[in-house]
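Any read-out appearing in this document is the output of simple, stated calculations on the displayed coordinates, not a laboratory observation. All values derive from a computational prediction rather than experimental measurement. Please note: Cβ atoms are built from the backbone with ideal geometry, for glycine as well, and neighbour counts cover all protein chains shown.
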């Protein structure tokens, strides 16, 4: 075997640990450029309209009528840029509806509305309601509805960044095998909100090695990907205490996938208190330090003045 072929095989074994038929040989410079692009896109998403830096409130709704607006006498008090009384929310058997007060400019998809049924984020076609620089959606968690408020002019957007990362380490891009359950399981996962659970479907667990230590993570179904919420021995020190998020390609039967911990990132609740993030389960607390991906800086956890 000539030296060039031997070097290629060693590279595949020690760095990629997998040379699939459609995967090019590992190139460190290309890989680092890809990670740099991913980090830039990550920051842009956080600062974008659907990111989590513009969250301005999370309000759990009770049955019956709930008034919203900037006036102090509302059930939910919006920031001062809003009209004193925007309208009335009503939780019904069909979901959450909004009746807008006369003369108040409220739109859905750019079209003015006087009333609207606000389809929630589990409906497949969630509705976003806008009023000036503010916008809100309805989320549904554990059978409960909440109003999630965004302010597209929130000062945290411009003030945020850069994100602190561990140095890129190709050795923490590891092959993993999905060990499927006989049938997918619905798991019970805690969230950062006490008493609120999350019930993801899991196809199985992935098995992998880091520095010769065998480990596994329970995987959650996410379309053509696997989703992980994991903790490690850096959690609560250099990384977010509740754990970090990671995605990997869903492998076909008999194939492996790649866990690239350099793409591990903080959940939305690392940046404010208006998210409902799952936390790493006891099964997903790894017995090693994963010195890759995003770090956590408590000083960037900026919660705007608002009432939960």
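Worth pointing out:
- Normalising the average separation of contacting C-alpha pairs (under 8 angstrom, six or more residues apart) by the number of residues puts the relative contact order of the chain at 16 percent.
- For the chain, calculated [θ]222 nm from helices alone, where every DSSP H run of n ≥ 4 adds -39500 (n - 2.57): -3500 deg cm²/dmol
- Rel. contact order, % - alpha carbon contacts under 8 angstrom, at least six apart, segment 139-237: 19
- Remark: the residue 122-residue 273 segment gains 52.3 nm on full extension, using 0.36 nm per residue and subtracting the alpha carbon distance.
- With a simple spin-label model that places each label point 7 Å from the Cα along the Cα-to-Cβ direction, the separation between residue 75 and residue 221 comes to 3.5 nm.
- For volume of the Cα convex hull per residue in Å³, calculated from these coordinates, the label among (i) 155; (ii) 130; (iii) 203: (i)
- Paramagnetic label zone (point 7 Å from Cα along Cα-to-C-beta, residue 288; backbone N under 19 Å) in segment 148-184: 166-179
- By average C-beta atoms within 10 angstrom, highest first, the peptides 193-206, 52-65: 52-65, 193-206
- Cα gyration tensor, segment 35-99 - rounded (a/c under 1.5), prolate or oblate: prolate
- Three-way shape call for segment 160-242 based on the alpha-carbon gyration tensor, with the a/c threshold at 1.5: oblate
- For segment 55-153: rounded, prolate or oblate by the Cα gyration tensor [a/c cutoff 1.5]: rounded
- Extending 7 Å from Cα along the Cβ direction at residue 158 and again at residue 209 yields two label points whose distance is 5.3 nm.
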